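Take a look at this one; I'll ask things after.
Bear in mind that the values in this text are calculations on the coordinates, not laboratory data. Keep in mind that this is a model prediction, so the values were computed, not measured. With ideal geometry, Cβ positions are generated from the backbone for all residues, glycine too; neighbour counts draw on all protein chains shown.
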Amino acid sequence: MNEEHSHKPVRYVTTAIPYVNSAPHVGFALEAIQADTLARYYRLSGGQTRFLSGTDENSIKNVQAAQAAGLPIESFIERNSSVFRDLENVLALSYDDFIRTSSDARHLPGATKLWRRCFDRGDIYKRQYEGLYCIGCEQFYKPEDLCDGRCPEHGTRPDLVSEENWFFRLSRYQDQLKQIYATNQIEILPEKRRNEVLAWLEKGLEDFSISRSQHRAQGWGIPVPDDPEQVMYVWFDALANYITALGYGADEDLFFRYWQNSQSREHFIGKGITRFHALYWPAILLSAGIALPTRLFVHGYVTAEGKKIGKSAGNTVDPVPIVAQFGTDALRYYLLRHIRSTSDGDFSKERLERAYDSELAGQLGNLVHRVLSMVERYFNGSIQDCEANDIKDDRLIVSGERLMKNSGSLVESYTFDRLLDEVWGFVAECNRYVAEEEPWALAKSKDENDILRLKTCLSSLSGGLFIIAKCIAPVLPYTSRELLKKLGASTTNCDLGQLPALRISRGKPLFPARHDRSLSRQMKSSEG
């Protein structure tokens, strides 16, 4: 590792890679925004952080979707993958990398090496198998695991599939996985998901299929080494993306820096794929002699009118037109505050409208406009040459300092909703401070002490706005950057004591009337 980086923490953050059988929906947007928030926070905290996303393209459901669309599979996947890739701009995602499992030159050698390592360990064997297979889940089910004969995730009847496949000896790692989770070597949040994994382990693990026939896969997928009649089953292939994107099996410098030697390896996933990430993936890594993930964060589902949003359900909510109407940060705010991080949450355009009007424009936007307007009106945009500019003991700043101390732990524990609750609690406190201090009345006074108090008041409020900008930087990046610009600060590293001397400009409202918003204005900056 480069000596200049050796003292800094190294962290790796990933989303799951979604299938590309249809366009992305707001449920995946939630996961991507959550992971992006953590990655941004880590970068702001110092050290090296790498953030990965991508698309899962070697799936039967992708092949079937291409056929239904009447397109060649390569063209169909290229088109749909690009839509997921474009979410980087739509949602202000700060990806460092984006991997495509069907066409990325890094993936094939890495997946092949991983297979061979597990095979050489004696953990891969071939046998005949018959089972009930859900294409939507890319998973075999036992009859007792179905709900009235239907997949519990998709509500469809699985197909009876009989063929000879390669299997991974998951059962060999049952005791080792029990020990790993008993000692929290891999942390799973929330606790209820960890308990779910422990229950699966107590019930007992069975070996699972990691290949399918070329015939059933219709020739699409990563070839199994030394077996031209088989391709890798989607989970072995897809899970490998986390390390193949780092050059595993090729140029492995990034693999050793961000996987083997990093302080944290964190996966953001939906609850429907917990089993694969908490059991299958660690067992594969143990077999191959590779370091384990350090944390799994399992978020809930986004629902629409109480039903899980999903491609198969036909009730998807496209994030692109929502951003076009409300702006990137408005959607980020709604998903991170109004959908609790660890629970299912319902998406409603009407509730998003209320949150925009009341909380973003009415509370934060109005506070910023009022405070900066008074700084411009009373002090020509800069509160200078005043002994009262030392504001560190003012009650508002003391409260804001507490918020800043708490904000980091809230992000690191993935409680993004609580972070925004606390930030907006401080926004309310700032608004009360304005009402209590009545700076407009102080400005009318001829008393020197009142003028001094006015300067202290507006200096403290400006400091409060800076604290807000700093705390929302990983969550609402455009809003934070625009607020810093209004305060005359170029970075969140500015000292609070410097703020009164900066040139403040209220400019346009942070959250203008909704009919004035446009996607192009919201995304005018490509800065991560």
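At a Förster distance of 56 Å, what's the computed FRET efficiency of Ser373 paired with Glu144, Cβ-Cβ distance as r, to 0.05?
0.25
Strictly over 31 Å apart at the Cα level, which of Lys455/Lys508; Lys178/Lys405; Lys271/Lys349; Lys444/Lys470 would you flag in this model?
Check vs 31 Å cut-off fails for Lys178/Lys405; Lys444/Lys470.
Let me check against my output: what whole-number percent is the relative contact order of the chain, with C-alpha pairs under 8 Å and at least 6 apart?
Across the chain, relative contact order equals 16 percent.
Count charges around Tyr181 for me, please; just the other residues with Cβ under 15 Å from its Cβ, Lys/Arg as +1, Asp/Glu as -1.
Neighbourhood net charge equals +2.
Where does the charge balance sit around Ser103 when Lys and Arg score +1, Asp and Glu -1, over other residues with C-beta under 9 Å from its C-beta?
Within the 9 Å Cβ shell, the charges total -3.
Related question: Among rounded, prolate and oblate, which fits segment 7-325 when a ≥ b ≥ c are the square roots of the eigenvalues of its C-alpha gyration tensor, a/c under 1.5 means rounded, and a/b larger than b/c means prolate?
Rounded shape, in that the Cα axes give a/c under 1.5.
By how many nm would the segment from Lys508 to Glu436 lengthen if fully extended, with 0.36 nm per residue of separation less the alpha-carbon distance?
Using 0.36 nm per residue and subtracting the Cα-Cα distance, I get 23.3 nm.
While we're on this one: Kyte-Doolittle cut-off 0.5, length cut-off 30 Å along the helix's own axis using Cα: show which whole DSSP H helices in the chain pass.
Values: long enough: 416-437 (31 Å, -0.19); 448-472 (36 Å, 0.80).
Qualifying helices, which must be both long enough and hydrophobic enough, are 448-472.
For the pairs Lys113/Lys307; Lys61/Lys307; Lys203/Lys307; Lys126/Lys307, flag any whose C-alpha to C-alpha distance is greater than 32 Å.
Numbers: Lys113/Lys307 41 Å; Lys61/Lys307 22 Å; Lys203/Lys307 29 Å; Lys126/Lys307 40 Å.
Beyond 32 Å between Cα atoms: Lys113/Lys307; Lys126/Lys307.
Please return the longest stretch of the chain lacking exposed loop sites, where trypsin sites (Lys or Arg not before Pro) count only if DSSP places them in a loop and at most 15 other Cβ atoms lie within 10 Å.
122-391
In addition: Please give the contour-minus-distance gain from Leu452 to Arg116: 0.36 nm per residue of separation, less the Cα-Cα distance, rounded to one decimal in nm.
Length gained, Leu452 through Arg116: 113.6 nm.
Let me ask something else about it. Rounded to the nearest 0.05, what FRET efficiency do Ser413 and Ala199 have when you use their Cβ-Cβ distance and R0 = 25 Å? Could you put the intermediate results ahead of the total?
Details: r = 23 Å, r/R0 = 0.93.
The calculated FRET efficiency here is 0.60.
Calculate for the chain the 222 nm mean residue ellipticity that helices alone would give, adding -39,500 (n - 2.57) per DSSP H run of length 4 or more and normalising by residue count, nearest 500 deg cm²/dmol.
Result for the chain, helices only: -13000 deg cm²/dmol.
Among the DSSP beta bridges whose two residues both lie in the chain, what percent are antiparallel, rounded to the nearest 5?
50 percent
Please compute the length gained on full extension between Lys307 and Arg354, using 0.36 nm multiplied by the number of residues separating them and subtracting their Cα-Cα distance. Walk me through the intermediate numbers first.
Details: separation 47, 0.36 × 47 = 16.92 nm, distance 2.15 nm.
Gain on stretching Lys307 to Arg354: 14.8 nm.
Modelled label-to-label distance, Gln176 and Leu44, 7 Å Cα→beta-carbon offset: nm?
With each label point 7 Å from Cα toward Cβ, the separation is 4.0 nm.
Convex hull volume of the Cα atoms in segment 1-142, per residue, in Å³?
Considering the Cα atoms of segment 1-142, their hull volume per residue is 175 Å³.
Once label points are set 7 Å from the Cα along Cα→Cβ at both Arg79 and Asn315, what is their separation, rounded to one decimal in nm?
Once both label points are built, they end up 2.8 nm from each other.
Give me the net charge of Val90's neighbourhood, meaning all other residues with Cβ under 13 Å from the Cβ of Val90; Lys, Arg count +1, Asp, Glu -1.
Counting the neighbours of Val90, the net charge comes to -3.
Can you list residues from other chains, or at least 5 along the same chain, whose modelled amide H is less than 5 Å from the amide H of Ile309?
Val302, Thr303, Ala304
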